[in-house]
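Here is the structure we will look at, set down as structure tokens.
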Amino acid sequence: MHRTNPGRFSLVWLLTGILIGCQPQPPVGKTFLQAAVVTAHPLATAVGVQILQDGGNAVDAMVGVHFALAVVYPQAGNLGGGGFMVQRDADGRVHTLNFREKAPMAAYRDMYLDSLGNAIGELSRRGHLAVGVPGSVAGMWAAHDSLGQLPWPRLVQPAIALAAQGFPLTKKEAEALNAKLETFRAYNRFQHPLWEAEAWQPGDSIRLPALARTLIAVRDSGTAGFYAGWVADSIVAEMQGGTGIMTHDDLQAYDASWQAPIRGNYRGHEIISMGPPSSGGVALMQLLRMIEPYPLGEYGWHSPEAIHLMAEAERRVYADRAKHLGDPDFWPVPVAQLLDSAYLRERMAGFSPTQATPSDSIEAGAFSRVESPQTTHYSIVDADGMAVAVTTTLNSGYGSGVMVQGAGFFLNNEMDDFSAKPGVPNIYGLLGAEANAVAPGKRMLSSMTPTIVTQGDSLLMVVGTPGGATIITSVFQNIVNVIDHGMGMQASVEAPRFHHQWRPDQISYEAGGFPAKTAQALEQLGHTLATRRAIGRVDAILVLPNGHLETGADPRGDDFADGF
Ligand code: DON
């Protein structure tokens, strides 16, 4: 039973209810008998559900959702970005697919440094030089080719219809676009429907005919419709018109790759997640194994003891991430050593329940043989029990801000996920070193953590989120919320979140997320606290003991669950 401690979280809600004088009801997600889809946008969710109803499997729904998000959720949904898929069949077979962007072949180690050796953050964040070779179309194609069921054109068509016929803007999307209108005009010297308005209003309708044409090329020619032909020509022309370095050869050479998942156990459950070049699976597994010896359920959800323990594990894990994680095709990531039980015990040997460990006293583990706001997540379960978790991104909102003229899609700024210079933080404040230095053809390190949890032979949870550095700790908290604190999926997704990433040495938490007493208790243990805006947008599905599916759609965004 995953509901190891059902009473404790209810008690939190009861007390909260009494304190604020309203009905003490934890949020309950929608439940479905057979199949469910949770994505960042209601229109993308509808596309996925329709594909499942038409006999498609979870991978078919994934393809439809991915392309629909590229239209209706342009800040993170994408053709010009990349991501990771974790998939599990009903019979327990697992596949993980890496469609992360790569550095162009003309990229080099110090490309974001000035002549004095100082990092120029803007260069890896905005504009043409920030762009990595996109992986999404190759990823969707590879997944469908091996695991899909319905014909490819059927899956791309709904996105074409949305782009050609237009779709209404949500309030959040209108606000997000308005905040970026100046950037779009600065980096794109042409007119486009996304920046034609003075200010977008909720409900305004946008049609994207150039994007529809690109999607038609992808529908009709698959990967060749994107990595060759007129779309590839447009991407290369866009690069040449700016400061970009991506070439036809880079596009032709791009390949999505199947790789082994990270698998491990936590309190009798199996965790299946993404391996390097995502740091997500390794870091998540380290975190769970480090806290496993402690009775988290007894401590109580968001008790100072629980937060302290989790934050102490987090600071140790992020120190390892900064030093040891990178693209395994270029750097020997010591996965086995990082997940070794004796090593993890030793990492926590200095943990004190009564005192925070200053981050300055923590370095990455040393091994004798070390050779050297925007992303989006969607979770799908089909009627046969196949589960898919995908996290995909352009990196920050609308990526590099560069749209491919004539082809109507934004290009990523994923190059910022490399370590431009050891010790210089990236946009998420993350540090890196040699393991994650820029090199031609190399994939930049990611935190994306699409994850599937099982119990015995059965599916238990599908989970993931955007949020840069906070992705790993948000997935961590949602697994702990369900397994240790007995929360339902929606309650877990809505619960306030916190985060520690080693440096800066602080626990950041969502404003209002800790009662004053909890904050004081943590400060007394020696922690520095900082409030921040919303952390992540978790979209998840939980299989309930009766076999029904409870969804968790994050109210921090427009995220929406549906199914049947
Ligand atoms: O791959 C990564 O870890 C980052 N590019 C993810 C960026 C992200 O989550 C931004 N969203 N809020």
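Numbers at a glance
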{"read-out": "Point-charge dipole on Cβ atoms (K/R +1, D/E -1) for the chain, about Cα centre, debye to 20", "value": "480 debye"}
{"read-out": "Directionally averaged projected area (convex hull, Cα atoms, the stretch 118-253), nm²", "value": "10.1 nm²"}
{"read-out": "The stretch 392-502, accessible area per residue, ligands and nucleic acids excluded (1.4 Å, Å²)", "value": "16 Å²"}
{"read-out": "Within the stretch 162-195, chymotrypsin sites (Phe, Trp or Tyr not before Pro) in DSSP loop having at most 15 other beta-carbon neighbours inside 10 Å", "value": "190"}
{"read-out": "For the chain, share of DSSP beta bridges that run antiparallel, in % to the nearest 5", "value": "90 percent"}
{"read-out": "Kirkwood Rh in Å, taken over the chain so that all alpha-carbon pairs contribute", "value": "23.5 Å"}
{"read-out": "Coordinate range along principal axes, alpha carbons of the stretch 280-359, Å, largest first", "value": "42, 24, 21"}
{"read-out": "The stretch 128-211: GluC sites (Glu not before Pro) in DSSP loop, at most 14 other beta carbons within 10 Å", "value": "196, 198"}
{"read-out": "Expected 222 nm ellipticity per residue - DSSP helices of 4 or more, -39500 (n - 2.57), all of the chain, to 500", "value": "-10500 deg cm²/dmol"}
{"read-out": "Two-decimal log10 I(q)/I(0) for the stretch 208-285, as the Debye equation yields it once each C-alpha is a single scatterer, q = 0.23 Å⁻¹", "value": "-0.98"}
{"read-out": "Simple label model, 7 Å out from Cα along Cβ direction - residue 258 to residue 205, nm", "value": "4.3 nm"}
{"read-out": "Rounded to whole Hz, the Karplus (6.51, -1.76, 1.60) HN-Hα couplings of the stretch 409-418, x for glycine and proline", "value": "10, 7, 9, 5, 10, 5, 4, 5, 6, 6"}
{"read-out": "Estimated dipole of the stretch 392-466 in Debye, rounded to 20 [Cβ of Lys and Arg +1, of Asp and Glu -1, Cα centre]", "value": "140 debye"}
{"read-out": "Selected from 210, 179, 225, residue furthest toward positive end of dipole (the stretch 156-226; charges at beta carbon)", "value": "225"}
{"read-out": "Under Karplus coefficients 6.51, -1.76 and 1.60, residue-wise ³J(HN,Hα) of the stretch 383-396 in Hz, glycine/proline x", "value": "5, 8, x, 6, 10, 9, 10, 10, 10, 9, 7, 9, 6, 7"}
{"read-out": "Principal axes of the stretch 359-465: Cα extent on each, largest first, Å", "value": "50, 48, 27"}
{"read-out": "30 Å Cα-Cα threshold exceeded, pairs from 30/171; 30/172; 171/421; 171/442; 102/421", "value": "171/421; 171/442"}
{"read-out": "Average projected area [Cα convex hull, the stretch 226-364], square nanometres", "value": "12.0 nm²"}
{"read-out": "The stretch 69-85 - phi-based ³J(HN,Hα) in whole Hz, Karplus 6.51/-1.76/1.60, Gly and Pro as x", "value": "5, 4, 8, 8, 9, x, 5, 9, x, 7, 9, x, x, x, x, 9, 10"}
{"read-out": "Cβ-placed point charges (K, R +1; D, E -1), dipole of the stretch 263-367 about Cα centre in debye, nearest 20", "value": "80 debye"}
{"read-out": "Formal net charge of residues neighbouring residue 327 (Cβ-Cβ distance under 10 Å; K, R +1; D, E -1)", "value": "+3"}
{"read-out": "Amide H contacts under 5 Å for residue 278, placed H, 5+ residues apart", "value": "446"}
{"read-out": "Accessible-area composition of the chain, carbon plus sulfur, in percent [1.4 Å probe]", "value": "54 percent"}
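The values are calculated or read from the model by the stated rules, or taken from the named source; none is laboratory data. This one's a predicted model, so the numbers in the text were calculated from it and none came from an experiment. As a convention, Cβ positions derive from the backbone with ideal geometry for all residues, glycine included, and neighbour counts pool all protein chains shown. When the accessible area is computed, the model is the full protein with side chains, heavy atoms only, and any ligands, DNA or RNA have been set aside. Shrake-Rupley method; radii C 1.70, N 1.55, O 1.52, S 1.80 Å.
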